[in-house]
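Enquirer: Sharing a structure here in structure tokens format.
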Amino acid sequence: MTDLSGRYLGLDLPHPVMVGASPMVDDLGLVRRLEDAGAAAIVMRSLFEEEVEAEQEMSARVREEPADSFAEALSYLPEAAATVFGPDEYLEQVRRVGEAVDIPVVASLNGTRSGRWLDWASKLGQAGAAALELNVYRPVTAMDTTAERVEAEVVRMVEEVVGRTTLPIAVKLSPFYTAFAAFAHRVEVAGAAGLVLFNRFFQPEVDPDTGDVRRSLPLSHRGELPLRLRWLAILSGRFRGSLAATGGVHDGFGVVQACLCGAHAVQVVSPLLRHGPEHLATILAEVSSWLEEHEIAGLDEVRGALSLERCPDPAAYERVNYVRLLHRFDVEEPIFRETGR
Ligand SMILES: Cc1cc2nc3c(=O)[nH]c(=O)nc-3n(C[C@H](O)[C@H](O)[C@H](O)COP(=O)(O)O)c2cc1C
């Protein structure tokens, strides 16, 4: 028997594979199937800053203005708040999901700025969440917004959430920070108990024929995992909190790769949306088989073994490796031979 157990955000998990934030939590039947398939924990879809602020604005107007202005107040809801769960319904859904399963339920707040909307963090704890993911999804387009300002705003947000709840906080970030290791350290000092690497920015599709710019939400592919592996490996042992991978883990091998690079938890969404919740059991079986094949008794034995600090060739994570690769023209696919060496 292999031991896959470990700790993530202070929670004892039987293994690292959890269900990442997604609409799968909308359906309690699906949530139970995910638990039956062996999920170690489940992350709620996000409650968005825009939704909470719209609700707060509406409540303030209803308090200040006569009852017949309620309909008018509704019209102030921004488009983004046309939503599956309003903030109160979201709390109710956290409660329902928590009652439906025995595994930890991680709530998710998604926004870009500190402010009163973060009051919701404490309500999520009262609703039964075991931890909170704070997703900072912020494509910065303003020409006068500097990296320093963006980072400072995230840090302030983390401090505010930490001040409002006793739940452990994991911050889900994009990889697009110039000096990611230093930034991760600032987020840790601000009180984050963990990082979730990485948010995917959904890139718009540009259609030259129609001139349309379309929003799209493609499922992930395996090629997205190495970016996560690299940063897990760089932070492992140096970021003192928990590390989770999200993005491009599609099988047990991907879970093993993430753990070897230092992940305490591995979140999956796309493979479950593609193949159904029961696919989680397949992924778990693959992790166990890999450990058995390599005669490793427990995941903790090898967690972080391929990190920057511990791996036999740390240069693989650094610039020197990039230079070496380009010099050798080391592409992995057949290429037009005359250009190769
Ligand atoms: C349909 C869909 C909805 C999602 N909703 C959320 C969300 O509400 N909050 C969030 O933090 N991430 C959300 N995500 C991102 C996933 O949690 C995850 O980070 C991403 O899909 C990468 O993991 P994967 O490769 O396992 O799909 C969503 C992803 C999909 C495909």
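Enquirer: Which ones in the stretch 6-35 are out of contact with any helix residue (DSSP H, G or I) (no Cβ under 7 Å at 6 or more places or on another chain), part of a helix (DSSP H, G or I) and touching a residue at least 60 places away in the same chain (Cβ under 8 Å)?
Expert: Within the stretch 6-35, P23, D26, R33, E35 meet the criteria.
Enquirer: For the stretch 249-278, enumerate the residues that are on the phi > 0 side of the Ramachandran plot and surrounded by fewer than 23 Cβ atoms within 10 Å (Cβ to Cβ).
Expert: Scanning the stretch 249-278 gives a single hit, G276.
Enquirer: Still on this structure: Mind checking which residues of the stretch 26-38 are under 21 Å from V84 (Cβ atoms), within 16 Å of the ligand (Cβ to nearest atom) and among the aliphatic types (A, V, I, L, M)?
Expert: Result: L30, V31, L34.
Enquirer: Also: Looking at (1) within 14 Å of the ligand (Cβ to nearest atom); (2) assigned to a helix (DSSP H, G or I); (3) in contact with a Gly (Cβ under 8 Å, 6 or more places away or on another chain); (4) over 22 Å from P139 (Cα atoms), which one does Q267 not meet, given that it meets all the others?
Expert: Of (1) within 14 Å of the ligand (Cβ to nearest atom); (2) assigned to a helix (DSSP H, G or I); (3) in contact with a Gly (Cβ under 8 Å, 6 or more places away or on another chain); (4) over 22 Å from P139 (Cα atoms), only one is false for Q267: (2).
Enquirer: Do we find a residue being more than 18 Å from A192 (Cβ to Cβ), within 16 Å of the ligand (Cβ to nearest atom) and at pLDDT 95 or above anywhere in the stretch 137-156?
Expert: no
Enquirer: Is it the case that A121 is in a loop (DSSP other than H, G, I, E, B) and modelled with pLDDT of 95 or more?
Expert: Details: in a loop (DSSP other than H, G, I, E, B): no; modelled with pLDDT of 95 or more: yes.
No; evaluated as a whole, the condition is false for this residue.
Enquirer: Does any residue of the stretch 247-255 turn out to be closer than 20 Å to A170 by Cβ, within 14 Å of the ligand (Cβ to nearest atom) and touching an Asp or Glu at 6+ places or on another chain (Cβ under 6 Å)? I'd like the intermediate steps shown before the answer.
Expert: Step one: list which residues in the stretch 247-255 are closer than 20 Å to A170 by Cβ, which gives 247-249, 254-255.
Still in the list and also within 14 Å of the ligand (Cβ to nearest atom): 247-249, 254-255.
Now drop any that are not touching an Asp or Glu at 6+ places or on another chain (Cβ under 6 Å), which leaves 247-248.
Within the stretch 247-255 (the criterion being closer than 20 Å to A170 by Cβ, within 14 Å of the ligand (Cβ to nearest atom) and touching an Asp or Glu at 6+ places or on another chain (Cβ under 6 Å)), the answer is yes, since at least one residue qualifies.
Enquirer: Check off (1) more than 25 Å from the chain's Cα centre (by Cα); (2) part of a helix (DSSP H, G or I) for D300 and give me the number that stays unchecked.
Expert: (1)
Enquirer: In this structure, does P312 turn out to be over 22 Å from L9 (Cα atoms), touching a His at 6+ places or on another chain (Cβ under 7 Å) and either in contact (Cβ under 8 Å) with a residue 12 or more places away in the chain or not acidic (D, E) (or both)?
Expert: no
Enquirer: Can you tell me which residues in the stretch 279-297 are within 16 Å of the ligand (Cβ to nearest atom) and either part of a loop (DSSP other than H, G, I, E, B) or buried (at least 19 other Cβ atoms within 10 Å of the Cβ) (or both)?
Expert: Selection gives L280, I283, L284, V287.
Enquirer: Additional query: When the stretch 131-154 is examined, which residues are found to be hydrophobic (A, V, I, L, M, F, W, C) and within 17 Å of the chain's Cα centre (by Cα)?
Expert: Looking only at the stretch 131-154, we keep the residues that are hydrophobic (A, V, I, L, M, F, W, C), and these are 131-132, 134, 136, 140, 142-143, 147, 150, 152, 154.
Hits for the stretch 131-154 are A131, L132, L134, V136, V154.
Enquirer: Listed residues P14, P23; which is within 16 Å of the ligand (Cβ to nearest atom) and either surrounded by fewer than 19 Cβ atoms within 10 Å (Cβ to Cβ) or not aliphatic (A, V, I, L, M) (or both)?
Expert: P23
Enquirer: Out of (1) at pLDDT below 95; (2) over 18 Å from R45 (Cβ atoms), what's the single condition that is false for D102?
Expert: If we test D102 against (1) at pLDDT below 95; (2) over 18 Å from R45 (Cβ atoms), just (1) comes out false.
Enquirer: Of a type in the set (K, R) and without any contact (Cβ under 8 Å) to a residue 40 or more places away in the chain, is that true of R222?
Expert: yes
Enquirer: Still on this model: Can you say whether A131 is small (G, A, S), closer than 23 Å to H264 by Cα and buried (at least 21 other Cβ atoms within 10 Å of the Cβ), as far as the supplied structure shows?
Expert: yes
Enquirer: Given G254, G262, which one is within 19 Å of the chain's Cα centre (by Cα), in a loop (DSSP other than H, G, I, E, B) and within 18 Å of V17 (Cβ to Cβ)?
Expert: G262
The values are calculated or read from the model by the stated rules, or taken from the named source; none is laboratory data. Bear in mind the structure is a predicted one, so any value in this text is a computation, not a measurement. Note that we place each Cβ from the backbone using ideal geometry, even for glycine, and neighbour counts take in every protein chain shown.
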